[in-house]
Amino acid sequence: MAKNLLLLLGCFFSLIVFTQAQDKDPVLFTVDGTPVHVSEFKYIYSKTNGKNADFSRATLQEYLDLYTKFKLKVKKAKDMKLDTVQALQEELAGYRRQLADSYLLNKQVTEKLTKELFERSQFDLDISHILFSLAPEAKGTDTVEAYRQAMDARARLLKGENFATVAKQVSADKSAATNGGHIGYVTAMFPNGFYALESAAYRLPFEQLSMPIRTSAGYHLLKVHSKRPARGEVEVAHILLRTEGNDAIVVKSQIDTIYSSLKRGTNFEELAAKNSNDSRTADKGGYVGFVTINRFEQAFEDAAYSVAKDGDYSKPFQTSVGWHIIKRISKKEIQPYDQMRGQLEARIKRDARFETARKAMVEDIKRETGFKDYPNLLTEFSANLNDTFFTFQWHAPQPPSAKVLFTMAKKAYTLGDFAQFVENATRQRMRMSGEASADAAVQSLYEEFVNESCLRFEEQRLDQKYPEFKALLREYEEGILLFEATRINVWDKASQDTVGLKNYFKTLKGKYRWEDRAETTVFYVDGISKSVLEPMREYALKHSSEEVLAKFNKSDTIGIRVEEQMLEKGKSPEASELKEWKVGEVTIAKFDRQNNEYSFRKVDKIIPAQDKLLNEARGYIIADYQDHLEVQWVNELKKEYPVKIEKAVFESLIKK
């Protein structure tokens, strides 16, 4: 009894869980019992309609009609076993591979870095550093020595020595001699090769001394003093009066006079052009461009950001070069993420951080999959290489070795798999010829093989990790099936069913017609032979085109040519040149400057308006026939596969 009660309770709770799952993503409609859930419909409706996806009754109903027809065709395609056709499976696999490659990097690398950069760019950091110079490619003892120097300096600082004093003594940054290592305010993103320093700066607590940080310049000791909301960019113009070589009192008096003129309404650009000592900007009304932090002297930067409104100007202020007045032209605040995303992505993909993050992703995949390798096998592999290894003639040993090179997610990758990868990597092998030893080349190719294998493994999990990828893949699959089914049932039939097409054409009587048409002859006379133009035209008024040619085209020295053209009334600019649609009508001569020739047109025959023949409108008629066949096909599918709409669910989608 107790056992039966437990079983009954288990079934009851399972039913509750199932019902809750259904409630979260209810079925909107079924096609022959196959469900289409709300999540799928909302995704495709929103994607297709974009900004017009207002979830009104009209647009939802319209799209529901379209999507049920789409699903009917997909159902038919699967019943036709089109999803088992090898060529279509290969096409879908190709799409999946392309989609997964970009999606994997976008989701797990690009998007992560883009959001990180955006969040960091919201703040400016006030930093100091000490640099221990090291070449980017340095390894071994050089690296150890630079690291030791950094740790020695760090020990001194931790004992209480002044940061600026130590920086002046040991920093390889030449500016440290004057600024004591104090860089001032900076903002993300840091220059290429300095991602590690940027990451440390945005994570380090204020006034805490970092451990040595490796960048492309060497090792850094870093301190972050404070942060502030990012200043953005400000577009400015300025007037400069230099103090060097001039009487300081006189210069100050002159800048005050200019400032007084500005307050009285004198044009800033005119004053800059007339008075500014900055030869690079004076003739442009003092235009400097956009000021960003830490690019100009601090006094200049602070003054630029202190001007409150576009068109306003600062009071006179002094820098190391002289006295300035700044005019603010515009201000660029930090934009929302959606607006900045494209720009940030482009910057990231040009930066070394992208490859760094890609490598980190591979390492994460290794950890998640329990990656384990047996690299000693590479030594065995390298030892058996011959002189053709760096050429296109090298081939993987046969039969393939079954020795396990590494395992990942319980799957074994053999030495034979790696050898085949190396054989296919002909370009990489040839490129390394003369630049690397066989051992180094094998090691490089092995790393590439491992990376490739990790990425391929992760791609297979994308539809489990990202519902939107699964939805996108479904679109590709169903789109391919729909295309093939429609080709067989509609497009091919419309173009190949000649009897059906002729019978259908009979139902279109009067739909495709010719307006009045004129058979015309166009006479062309080159600019050199202009003297015969008017005599020809006069002669054409009372003689046939053949007679005109016979009379005037007797000499090779006269540049005359003719062209027959059919014109349809109201269908072209040339047709509008005919004042009267009658035989014998001759148009006024016109000149084509580009080809240096004159022309006029003579009407030889008028063909009254009439219906077009099948061959004269075949393309349009086939298109109509395709539409006709598709309507018939959909009606047949509706009879074959019942469609059930859940009306209450549909009503819940409508935004009133």
Q: Determine, from the Cβ-Cβ distance of Met340 and Ala360 and an R0 of 25 Å, the FRET efficiency 1/(1 + (r/R0)^6), rounded to the nearest 0.05.
A: 0.60
Q. Mind checking Rg over Rh on region 173-291, alpha carbons, Kirkwood formula for Rh?
A. 1.15
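Once you have a ≥ b ≥ c as the square roots of the Cα gyration tensor eigenvalues for region 144-219, tell me rounded if a/c is under 1.5, and otherwise prolate or oblate according to whether a/b is larger than b/c. Don't skip to the end; give the middle numbers.
Details: a/c = 1.40, a/b = 1.31, b/c = 1.07.
Cα axes put region 144-219 in the rounded bin.
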(Q) In whole percent, and with a 1.4 Å probe on the protein chains, what portion of the accessible area of the chain is carbon and sulfur? (A) 52
Q | Per residue solvent-accessible surface (Å²) - region 484-566, probe of 1.4 Å | A | 62
Q: For Lys403, put the label point 7 Å out on the Cα→Cβ axis and report which residues of region 434-471 keep their amide N under 16 Å from it.
A: 439, 442-443, 446
(Q) On the Cα set of region 482-551, report Rg and Dmax in Å, please. (A) 24.8, 65
Q: For P(r) over Cα pairs in 10 Å bins from 0, in percent, several values are listed as (1) 2, 9, 11, 12, 13, 14, 16, 13, 7, 2, 0, 0; (2) 3, 14, 23, 25, 20, 11, 4, 0, 0; (3) 3, 13, 18, 17, 13, 10, 9, 8, 5, 3, 1, 0, 0; flag the one computed from this structure.
A: (1)
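Go ahead and run the numbers for FRET between Leu158 and Ser121, Cβ-Cβ distance against an R0 of 41 Å, rounding to 0.05. Walk me through the numbers on the way to the answer.
Values: r = 32 Å, r/R0 = 0.77.
Step by step, r from the Cβ atoms, then E = 0.80.
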(Q) With unit charges on the beta carbons (Lys and Arg positive, Asp and Glu negative) and the dipole taken about the Cα centre of region 229-274, which residue among Thr257, Thr243, Ala272 sits farthest to the positive side? (A) Thr257
Q. Once you put a point 7 Å from the Cα of Arg57 and another 7 Å from the Cα of Glu380, both along the Cβ direction, what distance in nm separates them?
A. 7.5
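Roughly speaking, what is the stretch gain from Ala93 to Ala440, that is 0.36 nm per residue apart minus the C-alpha to C-alpha distance, in nm to one decimal? Kindly include the intermediate steps, with their values, before the conclusion.
Details: separation 347, 0.36 × 347 = 124.92 nm, distance 3.40 nm.
Result for the pair: 121.5 nm of gain on full extension.
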Q) In vacuo Debye scattering of region 362-412, one point per C-alpha: log10 I(q)/I(0) at q = 0.17, 0.28, 0.31 Å⁻¹? A) -0.69, -1.05, -1.16
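Ranked by accessible surface with a 1.4 Å probe, highest first, in what order do Asp32, Asp516 come? All intermediate terms of the calculation are to be shown ahead of the outcome.
Details: Asp32 70, Asp516 50 Å².
Ranked from most to least accessible, the order is Asp32, Asp516.
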**Q.** Point-charge dipole on Cβ atoms (K/R +1, D/E -1) for region 107-263, about Cα centre, debye to 20
**A.** 380
Q) Label 7 Å along Cα→Cβ of Ile558; region 569-605 residues with amide nitrogen under 20 Å? A) 586-592, 596-603
Q: Classify region 353-457 as rounded, prolate or oblate, taking a ≥ b ≥ c as the square roots of the eigenvalues of its Cα gyration tensor: rounded when a/c is under 1.5, otherwise prolate if a/b is larger than b/c and oblate if not.
A: oblate
Q.
Pairs of alpha-carbon atoms within less than 8 angstrom and 6+ residues apart define the contacts here; what relative contact order does region 517-656 have, in percent?
A. 31
Q. Quick one: which of 42-52, 148-158 comes out on top by average Cβ neighbours within 10 Å, and what's the full order, highest first?
A. 148-158, 42-52
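With a probe of 1.4 Å, find how much accessible area region 23-152 has per residue, and write the answer as a whole number in Å². Please report the intermediate quantities before stating the final value.
Working: 6810 Å² over 130 residues.
So region 23-152 comes to 52 Å² accessible per residue, rounded to a whole number.
If you count only protein heavy atoms with a 1.4 Å probe, what accessible area per residue comes out for region 176-322, rounded to a whole Å²?
On the way: 7370 Å² over 147 residues.
About 50 Å² of surface per residue is accessible.
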Q. For the cross-link pairs Lys24/Lys656; Lys263/Lys332; Lys554/Lys590; Lys115/Lys410; Lys51/Lys465, which exceed 31 Å when the distance is taken from alpha carbon to alpha carbon?
A. Lys115/Lys410
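Roughly speaking, what is the stretch gain from Trp581 to Lys656, that is 0.36 nm per residue apart minus the C-alpha to C-alpha distance, in nm to one decimal?
21.1 nm
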Q) In percent, what relative contact order does the chain have, based on Cα pairs under 8 Å that are 6 or more apart in sequence? A) 14
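Only Lys, Arg, Asp and Glu count, each charged at its Cβ (+1, +1, -1, -1), so figure out the dipole size of region 597-646 about its Cα centre, rounded to 20 debye. Could the numbers behind the result be given before it?
Working: 8 positive and 10 negative charges, 46 e Å.
Rounded to the nearest 20 debye, it is 220 debye.
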Q: With a ≥ b ≥ c taken as the square roots of the eigenvalues of the C-alpha gyration tensor of region 246-342, please select rounded if a/c is under 1.5 and otherwise prolate if a/b is larger than b/c or oblate if it is not?
A: prolate
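The values are calculated or read from the model by the stated rules, or taken from the named source; none is laboratory data. Predicted model only: the values in this text are computed from it and were never measured. Heads up, the Cβs are rebuilt from the backbone with ideal geometry, glycines too, and the neighbour counts pull from every protein chain shown. We work out accessible area using only protein heavy atoms, side chains counted, and drop any ligands, DNA or RNA first. Shrake-Rupley method; radii C 1.70, N 1.55, O 1.52, S 1.80 Å.
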